[in-house]
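Asker: The structure that follows is given in the form of structure tokens.
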Amino acid sequence: MTVNEEKPLRAIILYDSRSSGGSTDRLIDAIGHELVESGAYVEKARCRANADYSFLREFDLVILGAPVYYLVVGSRLLGALVQSNLKKYLRGKKIALFLACGSPESMALTLYLPQIKVHLFTNRILSEKIFAPHQMDDPDTVGEFVEEILEEYEKADRGRAGSLQVQWDDEASEMVNAMPSFISGKIRSALEQYALQNGIKVITAEVVDEARSSPMGI
């Protein structure tokens, strides 16, 4: 999939890595290469806990990634989410997440990704991926991750006009973003359609419950 050539997607990869030139850096370069091949403009930046992230205003897509060290996501990324203005400038951005992790994927999804996602409940997460050590240099695995990001970005872009008519409160947005990435986008779109059809301007937790019991079967 290629992005709009008239207005290229501007993406940045924000990452944490303790070393330079290691497997995490190679993975980031591979992700960036795949995005560039699709026609996107791509930059990368290593996270710092006390950095100024106002430059994110220039980007459409932010990819956050880090390795896992001793059961904890890279501390510079977590530190930036807690201590800096990173969360402020991520507000409203489309996000993709990845972790480099030697633990089983189920453990990573349950214990590690939530360490990042708890700070991103107002964001739309397009895709999330756990890269096992043997997958970090696998071009097919990297390509599939980037392809999913671009597909979900395109879907979100197509639905933006209708979505702008509907607002989300924090609780409802957090409920949807807590779902697995392969279904959260579909649920979000279905809820926005339900809201538009029923003249609802703000999607709340109560609206989510109503939609679940509606004939739409959300």
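The values are calculated or read from the model by the stated rules, or taken from the named source; none is laboratory data. Because the structure is a prediction, the values reported are computed rather than measured. When we count neighbours, we look across all protein chains shown, and the Cβ atoms used for this are built from the backbone with ideal geometry, even at glycine.
Asker: Of all residues being under 20 Å from Leu27 (Cα atoms) and either at pLDDT below 85 or aliphatic (A, V, I, L, M) (or both) in region 76-92, which is surrounded by the fewest Cβ atoms within 10 Å (Cβ to Cβ)? Just the residue, please.
Answerer: Step one: filter region 76-92 for residues under 20 Å from Leu27 (Cα atoms), giving 76-78.
Checking which are either at pLDDT below 85 or aliphatic (A, V, I, L, M) (or both) leaves us with 77-78.
On the way: Leu77: 26, Leu78: 19.
Only one residue fits best here, namely Leu78.
Asker: Mind checking which residues of region 93-145 are surrounded by 15 or more Cβ atoms within 10 Å (Cβ to Cβ), more than 10 Å from the chain's Cα centre (by Cα) and closer than 14 Å to Thr24 by Cβ?
Answerer: Correct list: Leu99, Ala100, Cys101, Ile130, Phe131, Ala132, Gln135, Met136, Val142.
Asker: Consider region 31-80. How many of its residues are part of a loop (DSSP other than H, G, I, E, B), within 19 Å of Tyr112 (Cα to Cα) and out of contact with any helix residue (DSSP H, G or I) (no Cβ under 6 Å at 6 or more places or on another chain)?
Answerer: Going through region 31-80 one residue at a time, the tally reaches 3.
Listed here are the residues, each with its yes/no results for (1) modelled with pLDDT of 80 or more; (2) at positive phi; (3) in contact with a helix residue (DSSP H, G or I) (Cβ under 8 Å, 6 or more places away or on another chain).
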residue: Phe145; (1), (2), (3): yes, no, yes
residue: Ser163; (1), (2), (3): no, no, yes
residue: Ala190; (1), (2), (3): yes, no, yes
residue: Gln197; (1), (2), (3): no, no, no
residue: Lys201; (1), (2), (3): yes, no, yes
residue: Ile218; (1), (2), (3): no, no, yes
